[in-house]
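The values are calculated or read from the model by the stated rules, or taken from the named source; none is laboratory data. Computed from a predicted model, the values in this text were never measured in an experiment. Cβ atoms come from the backbone with ideal geometry, glycine included; neighbour counts cover every protein chain shown. Just so you know, the surface numbers come from the protein's heavy atoms only, side chains and all, with ligands and any DNA or RNA stripped out. Shrake-Rupley method; radii C 1.70, N 1.55, O 1.52, S 1.80 Å.
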Amino acid sequence: LLLLCYTEEAAVIVSGLKNTDVFVGESATFTCELSHPGVKNVQWWLDGSPLHNNFVTEISQQDGMIHTLTLNDVACHDSGTVTFRAGCLISSAKLLVKGISLLE
């Protein structure tokens, strides 16, 4: 899902979020690249809940254009929709956390 709009910065999403499948206990990383820095009101969400930097959730940016979210030690209940918003630009992708079968 990619929604574009006009802002005073006229930034666009160059590379949006990609659907990611990981196993329980692994890390999931999402990256969104903007056309240029300076976009205000950058926020990440998981299933509609805002995410903040902590020991499980790592939020970073490089040159103000490449925004990265890493969810560490994920659990099955972390499966859902990850959304990145910068100003009025939005990109979303699905996170699927797979359990490990003891029968394998």
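In the list Leu46, Leu51, Leu96, which residue meets the criterion of being open to solvent by less than 30 Å² (accessible area, probe 1.4 Å), touching a residue at least 40 places away in the same chain (Cβ under 8 Å) and not acidic (Asp, Glu)?
On the way: Leu51 fails: touching a residue at least 40 places away in the same chain (Cβ under 8 Å); Leu96 fails: open to solvent by less than 30 Å² (accessible area, probe 1.4 Å).
Checking each option against the conditions leaves just Leu46.
So which residues in segment 16-43 are over 25 Å from Asp73 (Cα atoms) and surrounded by fewer than 16 Cβ atoms within 10 Å (Cβ to Cβ), if there are any at all? Ser35, His36, Pro37, Gly38, Lys40, Asn41 - these are the residues of segment 16-43 that are over 25 Å from Asp73 (Cα atoms) and surrounded by fewer than 16 Cβ atoms within 10 Å (Cβ to Cβ). Checked against the criterion of being within 15 Å of the chain's Cα centre (by Cα), of a type in the set (S, T, N, Q) and modelled with pLDDT under 95, segment 79-97 contains not a single residue that satisfies it. The set of residues in segment 19-39 being assigned to a loop (DSSP other than H, G, I, E, B), closer than 21 Å to Gly87 by Cα and in contact with a Ser or Thr (Cβ under 9 Å, 6 or more places away or on another chain) consists of Val39 alone. Contact map, segment 1-20: residues that are at pLDDT 60 or above paired with residues that are open to solvent by less than 30 Å² (accessible area, probe 1.4 Å) and aromatic (Phe, Trp, Tyr), Cβ distance under 7 Å, separation 6+ or inter-chain. Pairs shown: Leu17/Phe30; Leu17/Phe84; Thr20/Phe30.
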